[in-house]
1. Scanning for something part of a loop (DSSP other than H, G, I, E, B), modelled with pLDDT under 95 and either in contact with a Phe, Trp or Tyr (Cβ under 6 Å, 6 or more places away or on another chain) or not hydroxyl-bearing (S, T, Y) (or both), does segment 78-86 turn up at least one residue?
2. Run R99 past the list (1) open to solvent by 60 Å² or more (accessible area, probe 1.4 Å); (2) in contact with a helix residue (DSSP H, G or I) (Cβ under 9 Å, 6 or more places away or on another chain) and report the number of the one that doesn't hold.
3. How about segment 40-77: which of its residues are closer than 16 Å to G9 by Cα, of a type in the set (V, I, T) and either assigned to a loop (DSSP other than H, G, I, E, B) or open to solvent by less than 60 Å² (accessible area, probe 1.4 Å) (or both)?
4. Within segment 5-38, track down each residue that is of a type in the set (S, T, N, Q) and either free of Cβ contacts under 8 Å to residues at least 40 places away in the same chain or closer than 24 Å to A100 by Cβ (or both).
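The values are calculated or read from the model by the stated rules, or taken from the named source; none is laboratory data. Keep in mind it's a predicted model, so treat the numbers as computed, not measured. Positions of Cβ are generated from backbone atoms using ideal geometry, with glycine treated the same way; all protein chains shown enter the neighbour counts. Protein only, heavy atoms only, side chains kept; ligands, DNA and RNA dropped before computing areas. Shrake-Rupley method; radii C 1.70, N 1.55, O 1.52, S 1.80 Å.
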Amino acid sequence: QVQLVESGGGLVQPGGSLRLSCAASGSTFSINTFGWWRQAPGKQRELVATIKIGGSTNYADSVKGRFTISRDNAKNTVYLQMNSLKPQDTAVYYCHAERAVYVYWGQGTQVTVSS
């Protein structure tokens, strides 16, 4: 049992910033990896960033240097700080958690980058 709830999405101008949060509840002790994915209409869902329990991170080339993923293990929460946002970043952003062979998803939060 893992429940993921995202928050922090919204409308922002190009060059602006947003911070997404994802709070996990349930069997959180067994989550080894958190991730953020995004999906724009008519496009495949793509991986944005991952973070493991020890703190190691990986980023998609398209967001490297602009986005930062972090986690607070005591609060069972993962964050995505998004800076220098571009219209191409517009998508629904989904929180992702891995526990052994199981994968869990949040319901998503809309991020729209537009002037």
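1. no
2. Only one criterion in (1) open to solvent by 60 Å² or more (accessible area, probe 1.4 Å); (2) in contact with a helix residue (DSSP H, G or I) (Cβ under 9 Å, 6 or more places away or on another chain) is unmet by R99, namely (1).
3. V48, I69, T77
4. S25, S27, T28, S30, N32, T33
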